[in-house]
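Student: So that we are looking at the same thing, I have put the structure below in structure tokens.
The values are calculated or read from the model by the stated rules, or taken from the named source; none is laboratory data. Note that the structure is predicted; figures quoted are calculated from it, not measured. Neighbour counts are summed over all protein chains in view; Cβ atoms, including those assigned to glycine, are modelled from backbone coordinates with ideal geometry. Surface accessibility is based on the protein's heavy atoms, side chains included, excluding ligands, DNA and RNA. Shrake-Rupley method; radii C 1.70, N 1.55, O 1.52, S 1.80 Å.
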Amino acid sequence: DILALAGGPKLQAEVLGMGGADKKGKSSLGLLEALISLGTAKTIFPALALQRQRHLGAAAEALKAERALSAAEKAAADAVKDKLDKEKAKETLASQLTAAKSKAKEDALEKKARETPCVVVDGDAETVEVPEDDTSPEVKEIADKLQKIEQEIEAGTAVVKSTAMAVAKAQDDAQAVRQPVADVKLFDGVTMCLMQLVTLLQQLCSKEKYAESLPPAAELFETFDFGMAFYLLRPGLPPFKAVPEATPAAKLDGEPAAAEPHSTGDTIFDTLRPTLASCSSIGALKGLSEQFFFTFWRLDLSDIVDPASAYTDKLSAVSDLLKSAEEESKKPGISSRDQRKAAREVTRLTDLKQKLSSEHAAHKEHVKQVRAVLAAQNSEWFLEPSPEATLDFVNHFIRPRVIVSFTDALFCAHFIRLLIDLKTPGFQLLDFFNRWTSELTQVVSCCSEREAQVFGTFLSESMANVVEMRRKPKIYEEMMTGNPVFHRNYYPKGGNPALIKWTAHPEFQKGHTKWEGRIYRELKSNGLESKDPQKLKNALLAISRATRAFPMLARLAKDVIIKADAIVSQGTDPADTREVAAQVGSALRSERGRWFTEEQLKTAKAAPKSGPALRTDRARVVAEEPAAKAAKVAPKPGAVIPTGKRVVIDDEPDPKRKKVE
């Protein structure tokens, strides 16, 4: 249970199997202290960083090539569609031209008949031949349109050919920068080795000792990618909220710098500011504060999550072991040696139980204090709310951290839930999901197998929150009440409350449907239907981690099952890929009772709306209207508008006035 790693050191040690105080553990501690004293850890970090740099550089090139390929394929599809539309328009115009010529001929014949006397020859009327009138304004206009569209079709044919060539070139480019499977697996192995070293250091060292084992912060950020550098740095930082003026961890980059005009009051941030300014995008954030940037990267999963269930389960298991040990010590006829051994075990388990209980209480209080600090700061995080600010939040906060480790993936998902719980002004939930479902899903096609599983963890946790809000309208309404996160658009701070529109539950349901569809389309086109075995396996691994929350739409889940079954039955893919496909199919079948069926989707679609239709593909920024304009739509004196209720202003009805929320 990864979430258990959000607990304190004692719980983490028990979960990781490092809680025993036997001779092996003591010898490991002695060996580790010897390694640190020799500076071995400082040597190991740069050595492991080299392979990460190679992989991440290649992955960035691969992602760039994949995006170019996606753009080329979209352009080619648009060109084909445009040509087909023009050909249909040509057929329509040709029919209109034929009809117009026929009508012009009939009009000319009728006119000729009125102007020419009827001549009778041998009892028969003389037949009047009337040529087709191509000079008719209507005929001429349609003929010109037809000629123009024929020229456009000819040009469109050339565009279709050129875009097809562009797609072929993009495919070759993407294939050229794709990493060999062996290199990707080596990267995963190096990353796991690095993280195991960090875990060992965390469990067996104090924060001060850990900080001493690291290279200087400037070297750390220069050697590693930004997400991994902070992963290594974070365990050596003082606890959030209790930041002393000078600690070994605070001097990672030298002596603390003097407070600057933009100081957040956090000594650690002021110390690391020069380093962060040179290796991150902190100076180019649009509408987001530096305090928000550092707070996000400084916090750990254990700062914002209380794994109460993990503590409860572990305490229950320890209690059972304690009970068994006590019974063992009281058995009749037990030898004195076994009795002493059982007594030591009882003492150890009693001590462990007490430490876990006190640690849980302290951890609970820590999370409470951290949330209190964040609640006081969050009004200064989104300085200028806008789609650009949300996009920067996705690209410079979530993206670099979401595939670093499983705990980082969980942190990102829980941090989004925290933004909702804190009612963070300026954070627009709808636009955030629009952005990340478009931006982050492309990462799966260019990452390693381990990173695909990490992303699947984020996908599972983040979509689980959405599914919960979709299933439980009452919970959604409670969360939405007075919460600016659920605004339908971006509004300026201090704006007119009468102009604010809220996202009703039926509209949120539609949003979830679109988000699932968007994620699935990306995983399908660049994974499940890809001829690249690595892309296919990455998509399956991501889905295998998310089946409890994605896909939840019945038609999408059935489609995944069909594709997974086909992979297993055909037997042409590698054995490990077929094994993952079988796991995905089995896991999704077990979730069948929780899927959203087509009938449920139709019911949600037919639900009454509380306002104009929501466009979940684009968020708008609503500017404050002038007072004069606002006065035109303001309620008349004496009209009472209860918050959250829809009423109609009855006095002096105005046909232009609509219902006011």
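Student: Between K602 and K524, take the C-beta separation as r, use R0 = 30 Å, and let me know the FRET efficiency to the nearest 0.05.
Tutor: 0.80
Student: So for the range 410-481, considering every pair of alpha-carbon atoms, how many percent are separated by more than 16 Å?
Tutor: Everything past 16 Å amounts to 55 percent.
Student: Separate question: Work out how much length D338 to D313 would gain on full extension: take 0.36 nm times their residue separation and subtract the Cα-Cα distance, in nm to one decimal.
Tutor: That pair, D338 and D313, stretches by 6.2 nm at full extension.
Student: While we're here: For the range 419-531, state the average projected area of the convex hull of the C-alpha atoms over all orientations, rounded to one decimal in nm².
Tutor: Quarter of the Cα hull surface area: 7.9 nm².
Student: Could you tell me what a quarter of the Cα convex hull surface of the range 192-231 works out to, in nm² with one decimal place? Could the numbers behind the result be given before it?
Tutor: Numbers: hull surface 11.2 nm².
Across all orientations, the range 192-231 yields a mean hull projection of 2.8 nm².
Student: Another question about this same structure. Enter the per residue convex hull volume of the range 416-457, computed from alpha-carbon coordinates, in Å³ rounded to the nearest integer. Mind dumping the intermediate values first?
Tutor: Values: hull volume 3.0 nm³, N = 42.
Per residue, the Cα convex hull of the range 416-457 comes to 71 Å³.
Student: May I ask for the Rg/Rh ratio of the range 296-413, computed from Cα atoms with Rh as the Kirkwood radius, given to two decimals?
Tutor: Using only Cα positions, Rg/Rh for the range 296-413 is 1.26.
Student: Of K86/K524; K207/K355; K83/K145, which sit over 22 Å apart, Cα to Cα?
Tutor: Those over the limit are K86/K524.
Student: Order the peptides 203-214, 397-408 from the highest to the lowest mean number of other Cβ atoms within 10 Å of their residues.
Tutor: The densest-packed peptide leads the list: 397-408, 203-214.
Student: May I ask which of K286/K510; K514/K563; K323/K353; K74/K558 have a Cα-Cα span longer than 18 Å here? Walk me through the numbers on the way to the answer.
Tutor: Numbers: K286/K510 29 Å; K514/K563 21 Å; K323/K353 12 Å; K74/K558 26 Å.
Violating the 18 Å limit, Cα to Cα: K286/K510; K514/K563; K74/K558.
Student: While we're here: From the convex hull of the Cα coordinates of the range 384-426, what is the mean projected area in square nanometres?
Tutor: Hull-based average projected area comes out at 3.0 nm².
Student: Something else: Treating the Cα atoms of the range 307-367 as identical point scatterers in vacuum, please give the log10 of the normalised Debye intensity I(q)/I(0) at q = 0.14, 0.21, 0.24 Å⁻¹, two decimals.
Tutor: Those come out to -0.46, -0.77, -0.90, one per q.
Student: So what is the accessible area of the range 266-401 per residue, in Å², with the probe set to 1.4 Å?
Tutor: That works out to 47 Å² per residue.
Student: For E579 and A77 in one chain, what is 0.36 nm times their gap in residues minus the Cα-Cα distance, to one decimal in nm?
Tutor: Details: separation 502, 0.36 × 502 = 180.72 nm, distance 3.44 nm.
The E579-A77 span can extend by a further 177.3 nm.
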